[in-house]
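Report on the structure given below.
The values are calculated or read from the model by the stated rules, or taken from the named source; none is laboratory data. Just so you know, these numbers come straight off a predicted model, no measurement behind them. Every residue, glycine as well, gets a Cβ built from its backbone with ideal geometry; the counts of neighbours run over all protein chains shown. Note: areas computed on protein heavy atoms with side chains; ligands, DNA, RNA excluded. Shrake-Rupley method; radii C 1.70, N 1.55, O 1.52, S 1.80 Å.
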Amino acid sequence: MTHALVLLASPSRTEVLRQWLDRQMAFVAGFPLVTTADLAQRLQADPRTRAMPLRVLPSLAAGGDIQVAAEVLGGDVAAVVAFLDPQDPAGTPPDARVLIRACDLADVPLALNPSSADLALRGLAHGRSAYLLFNPVAGQGDPNADLALIRSILEPQLLVTVLLTQPDRDPAEQTQEIVDLLQDRPAGEPGNTMILACGGDGTVSAVAGALAGTGIPLGILPRGTANAFAAALGIPTDLVAACDTILAGHTHVVDAARCNDVPMILLAGLGFEAGMVDRATRELKTMLGPLAYVLAGTRQLVAQQPFQARIEIDGAITELQAAAITVANAAPATSVLAQGFGQVIHDDGLLEVTIASPATRLQGINALASLMASAVVQSATNHPDLYCLRARTLTISTDPPQKLVIDGEILEADPVTFTCLPGALTVFAPLPAL
């Protein structure tokens, strides 16, 4: 269970609690909130606190304050905010003696008035906290076991709030809600909070797109098929090592990009790459893992037809015939079609563009082999059917219109404009090898 903030109040002090919640709503919304049934009823009767998501324990008459004490002793509580009436007779629930005893034994902050509650929140803010966007359908492992492993490593050092991705919601929207919450904090409030993305490249890309330009650090816990962004930054694909990378706290400032209005952290492809990704269905990836892309690429190589491309950079226009165009912000060596320069530099403020224009399938195979060799030796290719360039912005139109893949997601758009966003992301990554 994620560490919770417990709310308690005597009936005569409920309004004081409401006023405090109204003032601190941006911060307390980052915690699971727990209260008793009677206080929940009073809070939900007021428009200011009606929408607060609450986990409800039994009423005070049924021992709700005793259950709060049990949760405190169980290690599930970050702090207890209990606005009690000092005029109440001793033993009146919520029982101050029970709460004080439990919080003392568990070393949990207990705030009895607005000033001490403000201090408790300030102390929690100085500790590191994390919002974890977890995609349970990514990869081939057991999601429950993976999540339990992640939390067992992170939670001793981080206050972790877990949000599961939803089939009917874009993870970018969920991330944007967290970003809005963090940016609404009062000026001067410590911002020692990170957002973690656990899933495949689609999940990571969606979360990173919402974080671009915010300065909020991104942690990556790879659970996908390819995990290309993690590989490009040298982030371990083993969950334990990836958690250790986040806890180590070393960050790397890297570029992001936009394709039309769509965020992009990896690469986009027109032609061959889009067709290959389209053929690598979830069922195929479940059966074969990364080999699904090899099989899909073989099939696409047979089916791919050339197309006319018009590329505009800084007003200069180039027209040519192509079978594949790849625009990369970051990519590992295994993303072969992005390797025109031998490597993709993810912090140079530029996008690497590789255009393949073979006339025959045999020439296409030779061009792929040349790109593989370039990735191995990390130097630019000189193959005659490959054209490579770097640019801050460019616009591509195709005839006939081609499918477009952006960070593994298939879209349709023509023309498409790419813009690099230099230094837009702060990502936890290992220190570079000496």
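Once amide H atoms are placed 1.01 Å from N in the peptide plane, what residues at a sequence separation of 5 or more from L421, or on another chain, have their amide H within under 5 Å of its amide H?
Answer set, sorted by chain and number: A256, A257, R258.
Hey, can you find the accessible area per residue of the stretch 1-132 for me, probe 1.4 Å, expressed in square angstrom? All intermediate terms of the calculation are to be shown ahead of the outcome.
On the way: 5900 Å² over 132 residues.
Heavy-atom accessible area per residue stands at 45 Å².
How many angstrom lie between the Cα centre of the stretch 335-358 and the Cα centre of the stretch 78-141?
Measuring centre to centre over Cα atoms gives 51 Å.
Would you mind calculating the gained length between L73 and Q166 on full extension (0.36 nm times residue separation, minus the Cα-Cα distance), in nm to one decimal? Before the final figure, lay out the partial values.
Values: separation 93, 0.36 × 93 = 33.48 nm, distance 3.25 nm.
Separation in residues times 0.36 nm, less the Cα-Cα distance, equals 30.2 nm.
Within the accessible area of the stretch 163-232, what % is carbon and sulfur when the probe is 1.4 Å and the other protein chains stay in place?
Values: 1180 of 2520 Å².
Carbon with sulfur: 47 percent of the solvent-accessible area.
Is any residue of the stretch 80-107 close enough, with backbone N under 17 Å, to a label point placed 7 angstrom from the Cα of A61 along the Cα-Cβ axis, and if so, which?
Zone members listed by number: 92-95.
For H3, list long-range residues whose amide hydrogen, built 1.01 Å from N in the peptide plane, is under 5 Å from its own amide hydrogen.
For H3, whose amide H was placed from the backbone, the distant partners under 5 Å are V160.
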